[in-house]
1. Quick check on the chain: what does the Kirkwood estimate of hydrodynamic radius come out to from the alpha carbon pairs, in Å?
2. Summing -39500 (n - 2.57) over the DSSP H runs of n ≥ 4 in the chain and dividing by its residue number, what mean residue ellipticity at 222 nm do you reach, to the nearest 500 deg cm²/dmol?
3. How fast does segment 158-202 diffuse by Stokes-Einstein, in µm²/s, taking the Kirkwood radius from C-alpha pairs at 10 °C and 1.306 mPa s?
4. Calculate the spin-label point distance for Y134 paired with H53, positioning each point 7 Å from the Cα along the beta-carbon direction, and give it in nanometres.
5. Express in whole angstrom the spacing between the alpha-carbon centres of segment 1-30 and segment 46-72.
6. Shape call for segment 115-265 from the C-alpha gyration tensor, a ≥ b ≥ c root eigenvalues: rounded (a/c under 1.5), prolate (a/b greater than b/c) or oblate?
7. When the scattering of segment 143-232 is computed by the Debye formula from its Cα atoms alone, each counted once and equally, what is log10 I(q)/I(0) at q = 0.19, 0.25 Å⁻¹?
8. How high is the relative contact order of the chain, in percent, with contacts defined as C-alpha pairs under 8 Å that are six or more residues apart?
Amino acid sequence: ADAARAHVERWRHRCAATPPAAARRPLVSVRIPTWRGHETLVRRTLPSVLGGHYEHIEVIVCSDGPDPSARTAVEELARRDERLRYLELPERPPYPTAPINLHRIGGTDAANAALDAARGDFVCPLDHDDAFTYDHVTTLLEAIDRSGGDFVYGQSVCEMERGLWAVNGTLPLRHGGLSHGSVMWSSRLSHLRYDRDAWLLREPGDWNLFRRMADAGAQPALVPATVLVHFAERTAIDSVDDVPPEPSPAEALADLRATGAGWLLRVPVAAA
């Protein structure tokens, strides 16, 4: 199934129309999934985007299920800035129960719903507790223009355990070598979506998407400039000091049966 999908993704990338040049002030879509974190979203994340240097943007916030508090807070901001839109899923999706697997793909459905609603020539992903630098969009657009490609990423300043900070962002593209919110891609990759079953490969959903973009033919380009402040995650995993262990085979099987990947158990296997 993965090989067949990769074949289609490569074909669609080769056939995609060329997006507008970055120098022509294209529309940039910033998509933000959220779940029970609207205080930080409204106080830190949205101001960093709406107050940035590049103004021709649309910001799509999608809640991973009904969240009246987030809806009220974001729609209040949207009344003052028409570039902002709020969406929410009708119900919380069935995610894996193992903490490490939930951490890997939590928010996938909300992120995909926001991508479905995006109208921009370029897309910038952002988590609901991180912050863009003032020149985030401008810097990445200029890098897209220079590279002539479809996929660029910058460096991020990352909060680590016990209050320490580090810079992330390296070439070549590798797992752990970039932060989710430091990326921009063009509409030539707009057919790709986050895979809610990426946990089966022990891959985070963001890395899985970026790897597939490169596999589809996009040449990643690194901008040696800070474009993101990435704060320590305290949502899907409560403690940033303790990474949960991999689930046992029995726990993984229970998650497999309970989520959208359950169809894999029905695939016939030829006898040896």
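1. Numbers: mean 1/r = 0.0518 Å⁻¹.
When all Cα pairs of the chain are included, the Kirkwood radius is 19.3 Å.
2. On the way: 8 runs with 80 residues, N = 272.
Rounded to the nearest 500, the figure is -8500 deg cm²/dmol.
3. Values: Rh = 13.3 Å.
Here the translational diffusion coefficient equals 119 µm²/s.
4. 0.9 nm
5. Distance between centres, Cα-based: 24 Å.
6. Values: a/c = 2.15, a/b = 1.32, b/c = 1.63.
Since a/c reaches 1.5 but b/c is at least a/b, the shape of segment 115-265 is classed as oblate.
7. So the normalised log intensities work out to -0.89, -1.31.
8. Numbers: 510 pairs, mean separation 65.9, N = 272.
Relative contact order, the chain: 24 percent.
The values are calculated or read from the model by the stated rules, or taken from the named source; none is laboratory data. Note that this is a predicted model, so its numbers are computed, not measured. As a convention, Cβ positions derive from the backbone with ideal geometry for all residues, glycine included, and neighbour counts pool all protein chains shown. Calculation scope for accessible area: heavy atoms of the full protein, side chains included, ligands and nucleic acids excluded. Shrake-Rupley method; radii C 1.70, N 1.55, O 1.52, S 1.80 Å.
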